[in-house]
1. When only Cα pairs under 8 Å and 6 or more residues apart are kept, what is the percent relative contact order across the range 112-171?
2. Within the chain, what is the number of lysine pairs with alpha carbons under 17 Å apart, leaving out pairs fewer than eight places apart on the same chain?
3. Taking every eigenvalue of the Cα gyration tensor of the range 107-234, multiplying by 5 and rooting it, what semi-axes result, largest first, whole Å?
4. State the Cα centre-to-centre distance between the range 191-226 and the range 44-112 in whole Å.
5. How large is the direction-averaged shadow of the alpha-carbon convex hull of the range 82-137, in nm²?
6. What does the convex hull of the Cα atoms come to per residue for the chain, in Å³?
7. If we restrict to alpha carbons, what Rg and Dmax does the range 1-131 come to, in Å?
8. So for Met209, Met106, fewest C-beta neighbours within 10 Å to most, what's the order?
Amino acid sequence: MNCSYHIVIPARFDSQRLPGKPLLDVAGKPLIQRVYECALQSDADTITVATDNQQIFDAVEAFKGTVCMTRKDHLSGTDRVAEATQLLGLADDALVLNLQGDEPLMSPVLINQVARELVKTPDAMISSACCPIQSLAEYQDPNVVKVVRNQRQLAAYFSRAPIPWIRDGGSSDHPNMQWSESRRHLGIYAYHVGYLTRFCELPPAPTEMTEKLEQLRALWHGDAIVVCDASVIPGPGVDSPHDLRRVVEYFESLLATG
């Protein structure tokens, strides 16, 4: 299926755990360049970094990437992507994919899949992806966002809590243990520009404020999110010093093997 779409990578300098995260060195290149190069392997028509920081802006220009300067007062990467689509002059019916600026191991295959899924599901306002939960610890981890879908792969709910809840037991030695039926939500989204603009104008939902999950705003206001099964499970993002070490080791191993 042919699918015309654009990637916007939101990148802010401030990070509580990793200040200046987009500029951190990953085997000889800044993290934001690693993410950009990942995006270049997809079928996207254009790729743009959206930032509010001059150092990040200059770094992207240094590696010949496309970058735009956005306001500093955005509360989320989604708001930054929305402003970028306006600065780029994208039409309301253009499809834009939000690729987080700390995902250097995101699969280009999955990027294409999420974009195409929105085209395949005309009643969905947002497309995203998920993968199977791999362990009981992951199922119970509030930092792992879970999603429950209907038979059409439309999201019923997202939560940090273990969902669906296993009524008949939730321990690893329980004979009816079914946590493997749960799905981990992957933080990659595609939307049409017109909907993205409207989404950012909607008031936050009570569930969104409770769970601290922005996508719940769409469900609260009755907008469908299609969540496909990821054809490729991406590598880890960079959320902590430990994550950074893992990603650096990965790229160093690639360089070592030539």
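1. Numbers: 52 pairs, mean separation 13.7, N = 60.
For the range 112-171, the relative contact order is 23 percent.
2. Values: Lys21/Lys29; Lys21/Lys72; Lys29/Lys64; Lys146/Lys212.
Taking the Cα cut-off of 17 Å, the pair count is 4.
3. Equivalent ellipsoid of the range 107-234: 26, 17, 12 Å, largest first.
4. Each part's Cα centre sits 19 Å from the other's.
5. On the way: hull surface 23.1 nm².
Mean orientational projected area (the range 82-137, Cα hull): 5.8 nm².
6. Details: hull volume 37.5 nm³, N = 258.
Taking only Cα atoms, the chain has a hull volume of 145 Å³ per residue.
7. 14.3, 44
8. Sorted ascending by nearby Cβ count, the order is Met209, Met106.
Each reported figure results from applying straightforward, stated rules to the coordinates on display, with no laboratory input. Note that the structure is predicted; figures quoted are calculated from it, not measured. Positions of Cβ are backbone-derived with ideal geometry, glycine not excepted, and every protein chain shown enters the neighbour counts.
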